[in-house]
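Have a look at the structure below before the remarks.
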Amino acid sequence: MILLSYADAFFLYLLGWLLVLALLTWRAHLRRKKHYWRVSTGNLFHCDKCHHTFVPQEQLNLCRCPRCNAVCIRKRRRDSE
């Protein structure tokens, strides 16, 4: 039989909970990093007529809005210049 004092048992209990919390924090960090959304191509369009924002399949400078069929011009991002 393994002899354990109250201090050792409490230490092992606390160590177990800290390990569980560390694993859950690491898992949440990985999930947040995996599902982080960003427009990587800089191909974001905004229609001035119907205010619809969309990303076309091809990389274009000029395209038509899928909602109202108006001509939209790609606006440059300020942080990429």
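Bear in mind that the values in this text are calculations on the coordinates, not laboratory data. Everything numeric here is computed off the predicted structure, so don't read it as measured data. Here the Cβ positions follow ideal geometry from the backbone for every residue, glycine too, while neighbour counts run over all protein chains shown.
The table for this structure:
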quantity	calculated
On Cα atoms only, tilt of 6-34 relative to the major axis of the chain in degrees	10 degrees
Dimensionless Rg ratio for the chain, taking C-alpha atoms and the 2.2 N^0.38 Å reference	2.25
The chain: Cys lacking any partner C-beta under 4.7 angstrom	63, 72
